[in-house]
Amino acid sequence: AAKAAGKNCVRRHGETADSATVRRTRLARDLPDALSRGQLRLVYQPVVGTVERRVLGLEALVRWDHPVLGEVSPDEFVPLAEDDGLIVPLQRWVLEQATAELAGLLAEDRDLQLGVNISVRHLQSGSLVPDVAAALARSGVPAGRLMLEVTESLFIGEPDRADGDLQTLHDMGCVISLDDFGRGYSTFAYLARLPVDVLKMDREFLAGIEDDERSAALVHSVIELGRRLSIDVVAEGVETPGQLARLQELGCRYLQGFLLGRPTAPAQLAAVIDAFDAGLLDGPLAPVEVA
Ligand code: C2E
Ligand code: MG
Ligand code: MG
Ligand code: MG
């Protein structure tokens with residue numbers, strides 16, 4: 001019966017509340033062994049610079065290959081890990097794995113920065129600072145190559161120890177980015193309070209910028225805000241050539257999205273970066289197809 005339920009649960013569309021619960025229960029049950037069984041892996045999505053015309057950075061994105069349910073999205077299992085106290089070991093693994101893989105790319109003389117998504121819970125646990133320090137020490141990656149992506153949900157409410165730990169990581173030389181900027185609650189006050197180096201503008205901002213002047217004005221304002229605060233703005237979720245063109249007109253210098261590059265397995269990463277960089281040598285900033 002458990003197996004049949006599992007099969008039903010792969011069908012996400014039109015699933016009943018019941019099958020969603022069965023799926024969640026199963027994922028929560030299997031998650032504790034996912035790490036030790038080697039079912040987690042990282043893929044890396046390029047971040048490109050429109051002025052530099054090359055891949056400047058990578059964002060590490062975790063995947064869980066469940067033996068029965070197939071690939072599970074972090075949007076689905078990271079919250080489960082947060083609820084079950086598994087998030088700190090999971091994030092430690094992500095940090096160790098991502099910095100080790102970056103060290104390999106840096107050893108090839110590649111000039112890249114690495115973004116790692118940080119869980120609120122890890123920051124609140126107090127162990128993020130030593131865990132980051134350990135990953136940097138073990139891999140030999142300089143702190144300035146590591147960007148820690150935090151979401152604004154962290155900072156709702158009173159300043160607390162998390163603020164201090166974020167400042168410590170910044171003082172160590174790590175780059176701090178505010179992820180999904182503009183989604184949810186207003187973040188302007190946090191920008192004054194926290195050591196933010198990079199804003200990742202949520203992809204919802206891009207909906208409609210090709211033909212709607214109000215949407216375009218909003219994006220322009222975020223880019224201008226970044227300029228005034230000396231914060232780099234990355235546009236997330238660039239999917240169409242029209243969005244790309246409009247973002248360049250609006251002065252957005254850093255882009256991430258399926259149009260520029262998909263999340264990519266480590267084995268293909270060097271080829272994807274090289275193809276992208278080579279494709280930019282002549283002509284406009286254009287996406288490159290990689291076989
Ligand atoms: P995020 O940090 O905002 O990462 C960007 C997400 O948008 C990724 O989804 C990426 O695949 C997706 N994306 C990139 N370009 C496009 C595009 O052009 N169109 C669309 N529709 N989507 C695009 P993914 O990999 O499923 O990750 C979802 C979220 O899960 C991430 O959002 C991040 O918040 C979280 N996450 C991923 N890896 C980790 C991790 O190692 N630790 C923690 N705590 N959270 C993680
Ligand atoms: Mg992110
Ligand atoms: Mg994001
Ligand atoms: Mg996002």
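When Glu82, Glu76 are checked against the criterion of being among the charged types (D, E, K, R) and either outside any helix (DSSP H, G or I) or over 16 Å from the mean Cα position of the chain (by Cα) (or both), Glu82 stands alone in meeting it. Of all residues in the stretch 175-204, those being away from ligand 2 (no atom under 13 Å from the Cβ), over 15 Å from Ser221 (Cα atoms) and open to solvent by less than 10 Å² (accessible area, probe 1.4 Å) number 0. If I ask for residues that are open to solvent by 30 Å² or more (accessible area, probe 1.4 Å), in contact (Cβ under 8 Å) with a residue 12 or more places away in the chain and either of a type in the set (Ser, Thr, Tyr) or away from ligand 3 (no atom under 14 Å from the Cβ) (or both), which ones from the stretch 40-69 would you list? Hits for the stretch 40-69 are Arg41, Val51, Arg53, Arg54, Leu56, Arg63, Asp65, Pro67, Val68.
Residue pairs whose Cβ atoms lie under 8 Å apart, separated by 6 or more positions or on different chains, with the first residue in the stretch 162-183 and within 24 Å of Asp75 (Cα to Cα) and of a type in the set (Gly, Ala, Ser) and the second open to solvent by 30 Å² or more (accessible area, probe 1.4 Å) and more than 16 Å from ligand 3 (Cβ to nearest atom), are Ala162/Gln124.
Against the test of being within 14 Å of ligand 1 (Cβ to nearest atom), closer than 22 Å to Val55 by Cβ and not small (Gly, Ala, Ser), the options Gln248, Gln243 yield a single qualifying residue, Gln243.
Considering the stretch 16-37, and only residues there that are of a type in the set (S, T, N, Q) and open to solvent by 40 Å² or more (accessible area, probe 1.4 Å), the residue that is farthest from the chain's Cα centre (by Cα) turns out to be Thr16. When Ala245, Ala217, Ala278, Ala271 are checked against the criterion of being modelled with pLDDT of 90 or more, assigned to a helix (DSSP H, G or I) and closer than 21 Å to Leu106 by Cα, a single residue qualifies: Ala271.
With respect to (1) within 16 Å of ligand 3 (Cβ to nearest atom); (2) modelled with pLDDT of 95 or more, the lone exception for Ala100 is condition (1).
If only residues of the stretch 234-245 that are touching a helix residue (DSSP H, G or I) at 6+ places or on another chain (Cβ under 6 Å) and open to solvent by 10 Å² or more (accessible area, probe 1.4 Å) are counted, the one that is nearest to ligand 3 (Cβ to nearest atom) is Glu236. Entry remark, the stretch 98-129: residues being open to solvent by less than 50 Å² (accessible area, probe 1.4 Å) and among the basic types (Lys, Arg) number 1 in total.
When Val94, Val88, Val132 are checked against the criterion of being crowded, with 16+ Cβ neighbours inside 10 Å, in contact with a Cys (Cβ under 8 Å, 6 or more places away or on another chain), modelled with pLDDT of 95 or more and assigned to a helix (DSSP H, G or I), Val132 stands alone in meeting it.
The values are calculated or read from the model by the stated rules, or taken from the named source; none is laboratory data. Remember, it's a predicted structure, so these values are computed and weren't measured experimentally. We place every Cβ from the backbone using ideal geometry, glycine too, and count neighbours over all the protein chains shown. Surface accessibility is based on the protein's heavy atoms, side chains included, excluding ligands, DNA and RNA. Shrake-Rupley method; radii C 1.70, N 1.55, O 1.52, S 1.80 Å.
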